[in-house]
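Take a look at the structure below.
The values are calculated or read from the model by the stated rules, or taken from the named source; none is laboratory data. Since we're looking at a predicted model, the values are computed, not measured. Glycine gets a Cβ as well: all are built from the backbone with ideal geometry, and neighbour counts include every protein chain shown. Side chains are part of the model used for accessible areas, which takes the heavy atoms of the whole protein and leaves out ligands, DNA and RNA. Shrake-Rupley method; radii C 1.70, N 1.55, O 1.52, S 1.80 Å.
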Amino acid sequence: MRKNIVAGNWKMNTTVAEGVELAKNVNEALKGVTPNCDVIIGVPFTHLTSVNAVIDSNKLGLGAENCADKKSGAYTGEVSASMVASTGAKYVILGHSERRQYYGETVETLKEKTLLALENGLTPIFCIGEVLSERENGTYFDVVKNQIEKSLFDLSAEDFGKIILAYEPVWAIGTGKTASDDQAEEIHAYIRSLVETKYGKEVAENTSILYGGSCKPTNAKALFSKPNVDGGLIGGAALNAESFMGIVTAF
Ligand code: 13P
């Protein structure tokens, strides 16, 4: 059966020292508790090695927030999937709406990033989701379908089975506005049906689909109680160990 997962996405926050402190606090809070979910933190590239050194990887997974769409070479400023893997990280967040919106990431570049992440043994946490106008005009089903089909549906069933999906409605990210649990369930069930049509029931049932967008300790329980919501990708509330743990323990 699929895993429940709570993953933090720290975005462009914290210095290395602050990040190490936050990671230590989360790691400490996980000691002596057995959460009903896997717990992951996605941190800036600069933090990966130092954070990896202070966490118990059996209890807390480590991920990057992006990787390059090229293997290696003359790509100044880029960080490859193999570099990420060499830090000890096991996950990589790909296709976050902020990367699509501000850094021009496309379904094609995300397809390349996904392949390179998988080649290097990283588990992609692949983000999809619509903007407000697409929610309002009802095209959000087509938007997520296109994002998944164009970037992921050329993968073999075996490789697709390694992907974690994260549905993040752009209008709910950092806005304090959350999709209702029914809105989340509706689209998560649709996403799972797309996976089932392409890869069959077993792969679909085993795919974890996380919700992201103003998820907090106060609303996590209701969201996670929905049958197709398998956890959360957490931004703001992941920057504090106590609130992050409040979401982890919502399972
Ligand atoms: P917030 O939890 O801050 O809304 O961010 C969600 C997100 O973008 C996680 O990737």
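How much accessible area does LYS90 have with a 1.4 Å probe, in Å² rounded to the nearest 10?
Probe radius 1.4 Å; accessible area of LYS90 about 120 Å².
Provide Rg over Rh for region 1-128; use the alpha carbon set for both Rg and the Kirkwood Rh (inverse mean inverse pair distance). Present the calculation step by step, with values, prior to reporting the outcome.
Working: Rg = 14.5 Å, Rh = 15.0 Å.
Ratio of gyration radius to Kirkwood radius: 0.97.
What is the dipole size for region 44-136, taken about its Cα centre, with +1 at each Lys and Arg Cβ and -1 at each Asp and Glu Cβ, in debye to the nearest 20? Before the final figure, lay out each step's value.
Working: 9 positive and 12 negative charges, 61 e Å.
That gives a dipole near 300 debye.
For region 79-182, what is the Kirkwood estimate of the hydrodynamic radius, computed as the reciprocal of the mean inverse distance between distinct Cα atoms, to one decimal in Å?
Values: mean 1/r = 0.0693 Å⁻¹.
After inverting the pairwise mean of 1/r, the radius is 14.4 Å.
Accessible area, 1.4 Å probe, largest first: how do LYS201, LYS59, LYS11, LYS24 sort? All intermediate terms of the calculation are to be shown ahead of the outcome.
Values: LYS201 125, LYS59 70, LYS11 50, LYS24 95 Å².
Largest accessible area first, the list is LYS201, LYS24, LYS59, LYS11.
Under 14 Å from a point 7 Å along the Cα-to-Cβ line of LYS145: which residues of region 177-210 have their amide N that close?
Residues 187, 190-198 qualify, since their backbone N sits under 14 Å from the label point.
Quick check on packing: order 210-222, 183-195 by the mean number of other C-beta atoms within 10 Å, highest mean leading.
Values: 210-222: 21.5, 183-195: 19.2.
So the order, starting with the most tightly packed, is 210-222, 183-195.
With a 1.4 Å probe and all protein chains in place, put VAL170, VAL16 in order of accessible area, largest first.
On the way: VAL170 30, VAL16 60 Å².
Result of the area sort, largest leading: VAL16, VAL170.
Could you work out how far apart the two model spin labels at GLU186 and ASP154 are, taking each label as a point 7 Å from the Cα in the direction of the beta carbon, and quote it in nm?
Simple spin-label model gives 3.3 nm for this pair.
Quick one: which residues, 5+ away or cross-chain, put their amide H under 5 Å from the amide H of ILE5? H built at 1.01 Å from N.
It is ASP38, GLY231, GLY232, by chain and number.
Could you give the alpha-carbon Rg of region 81-130 over 2.2 N^0.38 Å, rounded to two decimals? The partial results should precede the final answer.
On the way: Rg = 10.9 Å, N = 50, 2.2 N^0.38 = 9.7 Å.
Against the empirical 2.2 N^0.38 Å value, I get 1.12 for region 81-130.
Need one value: the accessible area of ASP38 in square angstrom, 1.4 angstrom probe, rounded to the nearest 10.
In the full protein context, ASP38 sits at about 50 Å².
Over the Cα atoms of the chain, Rg to Rh with Kirkwood Rh, two decimal places? Intermediate values should be presented prior to the final figure.
Details: Rg = 16.8 Å, Rh = 17.9 Å.
Across the chain, the Cα-based Rg/Rh ratio is 0.94.
Once each part is reduced to its C-alpha centroid, what is the distance from region 15-32 to region 125-187 in angstrom?
30
Measure off 7 Å from each Cα along the Cα-to-Cβ vector at ASN13 and GLU28, then give the distance between these two points in nanometres to one decimal.
Rounded to a tenth, the inter-label distance reads 1.9 nm.
Between ILE41, ILE55, ILE234, find the one with the highest GNM mean-square fluctuation for the chain; connect C-alpha pairs within less than 10 Å.
ILE55
Would you pull out the residues with amide H under 5 Å of VAL79's amide H, same chain only if 5 or more places away, H placed 1.01 Å from N?
So VAL79 has HN proximity to ALA68.
Assuming 0.36 nm per residue, please report the length gained on full extension of the stretch SER72 to GLU202 beyond their Cα-Cα distance. Each step should come with its number before you reach the end.
On the way: separation 130, 0.36 × 130 = 46.80 nm, distance 3.55 nm.
Fully extending the segment from SER72 to GLU202 adds 43.3 nm.
Measure off, as a whole percent, the carbon and sulfur share of the 1.4 Å-probe accessible area of the chain, all protein chains present. List each step's numbers first, then the result.
On the way: 5560 of 11030 Å².
Exposed carbon and sulfur together represent 50 percent of the surface.
Per residue of region 217-225, in order, report the coupling 6.51 cos²θ - 1.76 cosθ + 1.60 (Karplus, θ = phi - 60°) as ³J(HN,Hα) in whole Hz, putting x for Gly and Pro.
Once rounded to whole Hz, the list reads x, 6, 10, 5, 4, 5, 5, 6, 6.
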